[in-house]
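Okay, structure first, notes after.
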Amino acid sequence: MGIVLLQSCSSEESTADNVLANTTRGAILRTLKVNQSTFNFFDTTSKWSVNIEEQDSKNGDLLSEVRLYVKHTKNGVTSAEKLVKSYSATAFPKGSNNLPTGEVSATLAETLAKLGITTGGYTTSDKFTMRLELVLTDGRTFTNTNSSSTVVGGVYFSSAFVYSVQFFCPLASAAAFNGNYKVTADAWADYAVGDIVPVQYVSTDGLYTFRIRNTNNPYLNNPSTSYMIVTINPSNAVATVTANEQFDYTGWMKVTVTGSGSVGSCTGDINLRLNFSGSSQNQTFNLVKI
């Protein structure tokens, strides 16, 4: 369980400025909003989309382009990565923070074409991984593989660079999510990759709601009674997260957990970004069904 004290907005901005000013490799892409996290399996015009903000030591003046890459996973086998498109600096006008801001997106049709996948070559259980690469005017590049944990998982930066994109299938209820899950990512570090987390569907919670139980969480005083409550928007598989009670961390403090994310309504996968009051925000928590 990672313990990072929550800073004020001004302190967070100071942290960002220090990271960018005190390294020759400082530049980030900040995720402002995930507009659409899934593809509609039955509609190749459906679009994955995020809003991002670029920041560098010159307040965005070093931005040259942003590249979007994709790879495809089918039956556990992942393809080679392909470039989907590039966005020049002109696609990112200055936003409310006086930094370059804009939308990065790809339709299912564009994605399939770049991967060389034709009709019948994909199923509802397939997954796509979108990766962003930031290119500066001096030729330096930044992505998930050469960014520190402060940038990728920190409170202020929200700069994951990589997004899991799955297919959206119509949901009759959240009952399909009931069962045991394996952790594939946990930035908060309550769990190691591969740990098992039980997910429970309780119909009285709501038709499109399930619980992520803390039964196997080794850091809590209240693992048997506390759990996350995940509610799915059935129109787009976007998820919101609350908790039934505060998580009581042994020898530390009690925190309120909230968050957002998406679910793979075809696969059952769960991809969340969690907020822990009094500590860290935007913590990646990903689960796949066993």
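The values are calculated or read from the model by the stated rules, or taken from the named source; none is laboratory data. Here the structure is a predicted model, which means the values were calculated and not measured. To get the accessible areas, we keep the full protein, side chains included, count just its heavy atoms, and leave off ligands, DNA and RNA. Shrake-Rupley method; radii C 1.70, N 1.55, O 1.52, S 1.80 Å.
Per-atom-type breakdown for the chain gives carbon and sulfur 50% of the accessible area (1.4 Å probe, protein chains only).
Under 4 °C and 1.567 mPa s, how fast does the stretch 51-94 diffuse according to Stokes-Einstein, given a Kirkwood radius computed over C-alpha pairs? Answer in µm²/s, whole number.
Working: Rh = 12.5 Å.
Reported coefficient: 104 µm²/s.
Using θ = phi - 60° in the Karplus curve 6.51 cos²θ - 1.76 cosθ + 1.60, the 3J(HN,Hα) couplings for the stretch 281-290 round to 10, 6, 8, 5, 9, 10, 10, 10, 6, 7 Hz; x is entered for Gly and Pro.
When the alpha carbon coordinates of the stretch 90-146 are projected onto the principal axes, the ranges are 45, 25, 18 Å, largest first.
For the chain, the average shadow cast by the Cα convex hull is 15.3 nm², which is a quarter of the hull's surface.
Using the Karplus relation 6.51 cos²θ - 1.76 cosθ + 1.60 with θ = phi - 60°, the per-residue 3J(HN,Hα) values for the stretch 54-71 come to 9, 9, 9, 5, 10, 6, x, 6, 8, 5, 9, 7, 10, 9, 10, 10, 9, 9 Hz, with x marking Gly and Pro.
In the frame of its principal axes, the stretch 157-276 has Cα extents of 44, 37, 23 Å, reported largest first. Put simply, the amide H of Tyr227, placed in the peptide plane, has neighbours under 5 Å in Asn244, Glu245, leaving out anything fewer than 5 places away on its chain. Each residue of the stretch 132-145 is assigned a 3J(HN,Hα), and the resulting list reads 9, 10, 9, 10, 9, 5, 8, x, 6, 10, 9, 8, 5, 7 Hz, derived from the Karplus form 6.51 cos²θ - 1.76 cosθ + 1.60 (θ = phi - 60°), x at Gly and Pro. Within a straight-line Cα-Cα reach of under 20 Å, Lys289 can be paired with the following aspartates and glutamates, leaving aside sequence neighbours fewer than 8 residues apart in one chain: Asp126, Asp186, Asp190, Asp195, Asp269.
Among the aspartates and glutamates, which have Cα under 18 Å from the Cα of Lys85 when same-chain residues fewer than 8 positions away are ignored? In chain and number order, the partners are Glu53, Glu54, Glu65, Glu103, Glu110, Glu133. Per residue, the chain exposes 44 Å² of accessible surface when a 1.4 Å probe is rolled over the protein heavy atoms with every protein chain present. Across the cross-link table entries Lys58/Lys82; Lys47/Lys74; Lys58/Lys114; Lys33/Lys114; Lys33/Lys82, which are compared at the Cα atoms, the separations over 22 Å belong to Lys58/Lys82; Lys58/Lys114; Lys33/Lys114; Lys33/Lys82.
Using square roots of five times the C-alpha gyration tensor eigenvalues, list the equivalent-ellipsoid semi-axes of the stretch 15-127 in whole Å, biggest first.
Working: eigenvalues 205, 44, 29 Å².
The equivalent ellipsoid of the stretch 15-127 has semi-axes of 32, 15, 12 Å.
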